[in-house]
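Right, one structure below, let's go through it.
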Amino acid sequence: MAVLTAVSFSWPQKLAGSWLVLLVLGALLAPYLPLAYLPNEPDLAHVAEAPFGRGSAGWHWLGTDSQGRDVLSVLVFGARTAVLLTLPAALLSALIGALAGGAAGFWGNSSRLAVPYWLMTLGGLWWALQLPVPLLGVAVAALGTVAAGLAFWHQRPSPTWPVPINAVVMGVATTLDTIPRLVLVVAIAAGTGVSTGGLLALMTLTTWPQSARLVRAQMLRIRILPFIEAARAAGLPPGRIWLHHALPHALQPLKTALPLSLVGLLGLESTLSFLGIGLPPDVASWGGLMGTIRAEPTAWWIFIFPSTCLITSILSLLVLGKKSLVSV
Amino acid sequence: MGRPLLGRLLRTVLAVWALASAVFLLSRNDANTATLLALPDFSASVMAGSGSSTDYVAAQRVVQRRLGLDLPLFYASRPHSSPTNTPRWHWNGTQNQYHRWLIRLMRGDLGTSFRTAQPVANRLYQALGFTLPLTGTAALLAVLAALALARRLAAKPWWQQPVRAVLVAVHALPLFVLALLLLLTFANPAVVAWFPAYGLDQLATTEADSWSRTQTYLLHLVLPVTALTLTTLPELTLQLDAALAQELRTDYATTARAKGLAEENVIRRHALRNALLPTITQVADLLPILVAGALVVEVVFALPGMGRLLADAAAGRDYPVLVGGVLLTGAARLLSLLLADFLYFWADPRIRWQS
């Protein structure tokens, strides 16, 4: 496969890669690094001091902000927040998008499910939600199980009802795309309160439609290729063809889309923390640090260092994204 | 063009309804915070010696009734009555918050703000009066600049590659970094203070003369418009540039060149109109995107518009305003769909002749 062949990296790509590796390492090891200050321990004797100042517990290499927090430690822990939010969100949304988009592209609206299985699902749902008279749900599910058993016993195909996978997936994706991501996230984050896990879920929820669209488009092209037809002719079950034969090829566009989606999420995360929405105020973040510049317009070090980190990360991701575009 | 457009509009209306409902229902998770924020300061009344916990509970009840939060949330609910009982579904009838909201919405009433007790529609209308000139100017400038820039880029000058790289980089930057950079460079007494950084809220009271008021207003708008233009320009330009490059490789472009036309004429007279078609969708998409962009820009430059209204509402748990903002953004999307269809109609004679 093309992925395994050795590729030579040009020096911008090596530089970008090493910056990103450094960022992720710094983010993961942040609690163990020998930092003189923690981000939420303000040094109130040294407020808004320029870089290379001596603080009460050690040097402030990159200065302090208007609340006396050490800029270097906020940078390191802000990188931790950014990496631990955006990386899982990007991977999760790529996974959800791949599964949903892949299913929508492969089966379209033509997939059908036997009526007994429908009965089992609906009855089970009825029971699980404790709708009025839960036993009714159990009865329906039991009926479905009996029907499935009879059909299996007599080797007779049972009637089927269609499952509109494509319509459901694309409908949900279109609905989520109707309103710009920032407005939607701000509106929902305000109501559901602030927590890191909730923000992660929200970012995943609003990001997966992009990858779902890409994978679906690729899957529509893949599923009519001769090797899929050959697999069908060999009598493989459709689920196996989908997972083992079609999906690996349909995932190709995600290789280029993943760095771009990381760029988008990084921007979203820093914008949200700049606006002060979504994360608790004591969580260190680059966007929040940049926001404090408005209280102290002459303190250039509050703005320059985090924005340099953010811009470098974004440019590195773009450079790497371009690389995988070329190599595929 | 009627039928597909009608279908798209209908689907968008459904989507906006679903999203607004989701925001409405999810926001009520946090109704207690909204009540607390709406209460007159509790600690002050305790300090004065008049407050007690029963008074506090009573005050909370009154606030909840005033905001309409005392009703059940939805048509059905699962109250946790006792720990031994498994929770059962309880039918609340039409006396619930969601039903009331929906009925009022049908009549065109967006509700009243939790914080200021003004009708939400009024607040949105006031904010829009400020935001529309800002975003409209930015959109117009971005489209014009993208047209001009893409036409120059298509002629393959020596600066084609560097400009493309810069555009890609600017496109990836978050808007707030760009806006802060502009603010700290051009409205900072330590660097150059050509433009005011804030203070448009007090404009109406301080300046009496209408000419100087207009001048101050325009001066305030320069930096926000620049930030919004810069952030929308790259996407439009790159898209149009790619489309133009593709059109210039087609046979009709070669024919035009073989006729002896100058490259500039080939681009302007022949390729541009065809290349515009995919860009039209993007131009129409600008409308909702600019609302979101205004969210950031208005916070950075302290402008009293739609975006800051939304950000303040999110911070202050003013849910009616938030839901109103979501609905308004949805309306912008509907408008943009109509606009896109109209623009296609104008740009592509094939569509015009078919209908």
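Just to verify a result, which residue in segment A:149-196, among those that are of a type in the set (Phe, Trp, Tyr) and without any contact (Cβ under 8 Å) to a residue 40 or more places away in the chain, is farthest from the other protein chains (Cβ to nearest Cβ)? Within segment A:149-196, the match that is farthest from the other protein chains (Cβ to nearest Cβ) is A:Trp153.
Please indicate, with yes or no, whether at least one residue in segment B:270-279 is in contact with a Lys or Arg (Cβ under 9 Å, 6 or more places away or on another chain), modelled with pLDDT under 90 and over 30 Å from A:Ser273 (Cβ atoms). Within segment B:270-279 (the criterion being in contact with a Lys or Arg (Cβ under 9 Å, 6 or more places away or on another chain), modelled with pLDDT under 90 and over 30 Å from A:Ser273 (Cβ atoms)), the answer is yes, since at least one residue qualifies.
Looking at the structure I just gave you, is A:Pro157 touching a strand residue (DSSP E or B) at 6+ places or on another chain (Cβ under 8 Å) and of a type outside the set (Phe, Trp, Tyr)? For A:Pro157, the condition - touching a strand residue (DSSP E or B) at 6+ places or on another chain (Cβ under 8 Å) and of a type outside the set (Phe, Trp, Tyr) - is met. Do we find that A:Val138 is within 18 Å of the chain's Cα centre (by Cα), of a type in the set (Val, Ile, Thr) and farther than 30 Å from A:Gly276 by Cα in this structure? Spelling it out, it is not the case that A:Val138 is within 18 Å of the chain's Cα centre (by Cα), of a type in the set (Val, Ile, Thr) and farther than 30 Å from A:Gly276 by Cα. Return the pair list, or none, for Cβ contacts closer than 9 Å from residues in segment A:262-286 that are farther than 19 Å from B:Arg317 by Cα to residues that are basic (Lys, Arg), at least 6 apart or on different chains. Filtered contacts from segment A:262-286: A:Gly264/A:Arg181; A:Leu268/A:Arg181; A:Ala284/A:Arg69; A:Ala284/A:Arg80. Entry remark, segment A:47-68: residues being more than 35 Å from the chain's Cα centre (by Cα), part of a loop (DSSP other than H, G, I, E, B) and either under 11 Å from A:Glu296 (Cβ atoms) or of a type outside the set (S, T, N, Q) (or both) number 9 in total.
Against the numbered list (1) free of Cβ contacts under 8 Å to residues at least 40 places away in the same chain; (2) within 17 Å of B:Arg152 (Cα to Cα); (3) small (Gly, Ala, Ser), B:Ala245 comes up short only at (1). Being farther than 30 Å from A:Leu85 by Cβ, of a type outside the set (Lys, Arg) and either modelled with pLDDT under 90 or in contact with a helix residue (DSSP H, G or I) (Cβ under 7 Å, 6 or more places away or on another chain) (or both) holds for only one residue in A:Ala234, A:Ala250, A:Ala246, A:Ala230, and it is A:Ala246. Scanning segment B:246-263 for residues that are assigned to a helix (DSSP H, G or I) and either within 37 Å of the chain's Cα centre (by Cα) or surrounded by 14 or more Cβ atoms within 10 Å (Cβ to Cβ) (or both) yields B:Gln246, B:Glu247, B:Ala253, B:Ala256, B:Arg257, B:Glu263. Exactly one residue among A:Arg223, A:Arg216 is modelled with pLDDT under 90, under 12 Å from A:Phe106 (Cβ atoms) and surrounded by 20 or more Cβ atoms within 10 Å (Cβ to Cβ), and that residue is A:Arg223.
Filtering segment B:171-225 to residues that are of a type in the set (A, V, I, L, M), at pLDDT 75 or above, in a helix (DSSP H, G or I) and in contact with a Ser or Thr (Cβ under 9 Å, 6 or more places away or on another chain) leaves B:Leu175, B:Val177, B:Leu178, B:Ala179, B:Leu180, B:Leu181, B:Leu182, B:Leu221, B:Val225. Just to be sure, is B:Ala20 surrounded by 14 or more Cβ atoms within 10 Å (Cβ to Cβ), at pLDDT 70 or above, more than 14 Å from chain A (Cβ to nearest Cβ) and out of contact with any strand residue (DSSP E or B) (no Cβ under 9 Å at 6 or more places or on another chain)? Answer is no for this residue.
Residues of segment A:26-81 that are in contact with an Asp or Glu (Cβ under 8 Å, 6 or more places away or on another chain), surrounded by fewer than 16 Cβ atoms within 10 Å (Cβ to Cβ) and among the polar types (S, T, N, Q): A:Asn40, A:Ser56, A:Ser66. Taking the stated definitions as given, is A:Pro134 surrounded by 14 or more Cβ atoms within 10 Å (Cβ to Cβ) and within 12 Å of chain B (Cβ to nearest Cβ)? For A:Pro134, the condition - surrounded by 14 or more Cβ atoms within 10 Å (Cβ to Cβ) and within 12 Å of chain B (Cβ to nearest Cβ) - is met. Looking at segment B:301-355, the helices (runs of 4 or more DSSP H) lying wholly inside it that each contain 2 or more residues that are aliphatic (A, V, I, L, M) sit at B:306-315, B:319-347. What do you reckon, is A:Leu220 under 15 Å from the mean Cα position of the chain (by Cα), aliphatic (A, V, I, L, M) and not in a loop (DSSP other than H, G, I, E, B)? Spelling it out, it is not the case that A:Leu220 is under 15 Å from the mean Cα position of the chain (by Cα), aliphatic (A, V, I, L, M) and not in a loop (DSSP other than H, G, I, E, B).
Within segment A:84-115, the set of residues being of a type in the set (Val, Ile, Thr) and surrounded by fewer than 22 Cβ atoms within 10 Å (Cβ to Cβ) comprises A:Ile96, A:Val115. Might you check whether a residue that is among the β-branched types (Val, Ile, Thr), surrounded by 15 or more Cβ atoms within 10 Å (Cβ to Cβ) and under 30 Å from B:His90 (Cβ atoms) occurs anywhere in segment A:139-153? There is at least one residue in segment A:139-153 that is among the β-branched types (Val, Ile, Thr), surrounded by 15 or more Cβ atoms within 10 Å (Cβ to Cβ) and under 30 Å from B:His90 (Cβ atoms). Taken as a whole, segment B:152-167 holds at least one residue that is surrounded by 15 or more Cβ atoms within 10 Å (Cβ to Cβ), touching a residue at least 24 places away in the same chain (Cβ under 8 Å), assigned to a helix (DSSP H, G or I) and away from chain A (no Cβ under 14 Å). The single condition among (1) of a type in the set (Val, Ile, Thr); (2) more than 18 Å from the chain's Cα centre (by Cα); (3) assigned to a helix (DSSP H, G or I) that A:Thr206 does not meet is (2). Looking only at segment A:288-317, residues that are buried (at least 20 other Cβ atoms within 10 Å of the Cβ) and without any contact (Cβ under 8 Å) to a residue 40 or more places away in the chain come to 5 in all. A count restricted to segment B:306-322 and to residues that are more than 9 Å from chain A (Cβ to nearest Cβ) and closer than 11 Å to B:Leu124 by Cβ stands at 4.
When we screen B:Leu295, B:Leu343, B:Leu286, B:Leu303 for residues that are within 11 Å of chain A (Cβ to nearest Cβ) and in contact (Cβ under 8 Å) with a residue 60 or more places away in the chain, the only hit is B:Leu286.
The values are calculated or read from the model by the stated rules, or taken from the named source; none is laboratory data. Keep in mind that what you see is a predicted model, and the values were worked out from it rather than measured. So basically every Cβ, Gly included, is an ideal-geometry build from the backbone, and we count neighbours across all protein chains shown.
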